[in-house]
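Below is one structure; the comments refer to it alone.
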Amino acid sequence: MGRAVDFMGEEFVLNGTTYKGVINEAQGTEQAEFGGFRDAYALTIYVRKNGFPTPAIGQKLTARGKVLRIIQVQSDAISFSLVLDDPNK
């Protein structure tokens, strides 16, 4: 995981601090809402636990120029997997 993050990692910002993680392919869709449609954007970030704060559901972060909300956190011995979605859902 450490080598993958160093090689393929992209920067993202959580609580004003920049971290590096492997960002899974984003999924974009349009969702109906009052007055028209809005873009829905979801992705997953894999990040090493070492030096990364324990994430919480509902926290917002910025990745690939989009503000996203953590909707699920998965954890193993060395990493977190952050499932992110549109914060306006």
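We did not get these values from a lab; they are worked out from the coordinates using the rules stated. Not measured: the values here are computed from a predicted model.
Give me a comma-separated list of calculated 3J(HN,Hα) values for the stretch 53-67, in order, Karplus coefficients 6.51, -1.76, 1.60 applied at θ = phi - 60°, integers in Hz, x for any Gly or Pro.
x, 5, x, 10, 4, x, 5, 10, 9, 10, 9, 6, x, 10, 7
Convert each backbone phi in the stretch 73-81 into a coupling constant with the Karplus relation 6.51 cos²θ - 1.76 cosθ + 1.60 (shift: θ = phi - 60°), then list the ³J(HN,Hα) values in order as whole Hz, x for Gly and Pro.
These are the phi-based 3J(HN,Hα) values: 10, 10, 9, 10, 5, 10, 8, 10, 10 Hz.
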